[in-house]
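The structure under discussion appears below in the form of structure tokens.
Read-outs throughout are calculated quantities, based only on the coordinates presented, and are distinct from any laboratory measurement. The structure displayed is predicted, hence computed values, not measured ones. Virtual Cβ from ideal backbone geometry, glycine too; neighbours counted across all protein chains shown.
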Amino acid sequence: MNSSYEISVSDLLSPKAILLDLTEPDKTELLHFLCTKISKLYPDVDLQIFFTDIMKRENDLSTGIGNHIAIPHAFAESVQKMHLLFATHTGVEYDSLDGKTVNIIFMLAIPPDENKLYASFLMKVSQLMRIRELRESLMNTRSTEDVIMLFQKYEGTD
């Protein structure tokens, strides 16, 4: 992979874009809440278009990848750079590939020309989320700073 597409989850994370212990009762409400939050944080994300695109993607194939993880995402014409919103949830039914509830969510708004960066991000998250200790620590943390420190630790960037 081209080194210009190396990516660090901790570098993309911002404390203001980390939400912990969400309790929305279902997948649609959760996704609408997250889309609202990401559109408020990043003005280049249009709420209505982004939410529509997110739901279309979910209806085509769930982004619940298993092991209690979901990566809802959409490519959006208005988005200038890739934005990440990270959240933990107490446990929501998500139509995941393994049938488990989702507790860890990585929401991405991606510019249309960033396929390689997106693929690099997916590969990095896939590697990191195989680490059970990291998943468990993320689900149990109560601090946005701790979320960033956990990713830095497991990415070797601390």
TODO: Sort 20, 97 so that the residue with the fewest other Cβ atoms within 10 Å of its own Cβ comes first and the one with the most comes last.
DONE: 97, 20
Task: Rg and Dmax of the range 1-150, Cα atoms only, in Å - done: 14.2, 41
Open item on the list: Relative contact order for the range 1-152: what percent, with Cα pairs under 8 Å and sequence separation of 6 or more?
Closed with: 29 percent
TODO: Measure off 7 Å from each Cα along the Cα-to-Cβ vector at residue 23 and residue 126, then give the distance between these two points in nanometres to one decimal.
DONE: 3.6 nm
Task: Extension gain (nm, one decimal) between residue 67 and residue 140, 0.36 nm per residue minus Cα-Cα - done: 24.8 nm
Open item on the list: For a protection proxy built on the mean count of beta-carbon atoms within 10 angstrom, sort 115-125, 98-108, 51-61 highest first, please.
Closed with: 98-108, 115-125, 51-61
Task: Difference of contour (0.36 nm per residue) and Cα-Cα distance, residue 49 to residue 36 - done: 3.6 nm
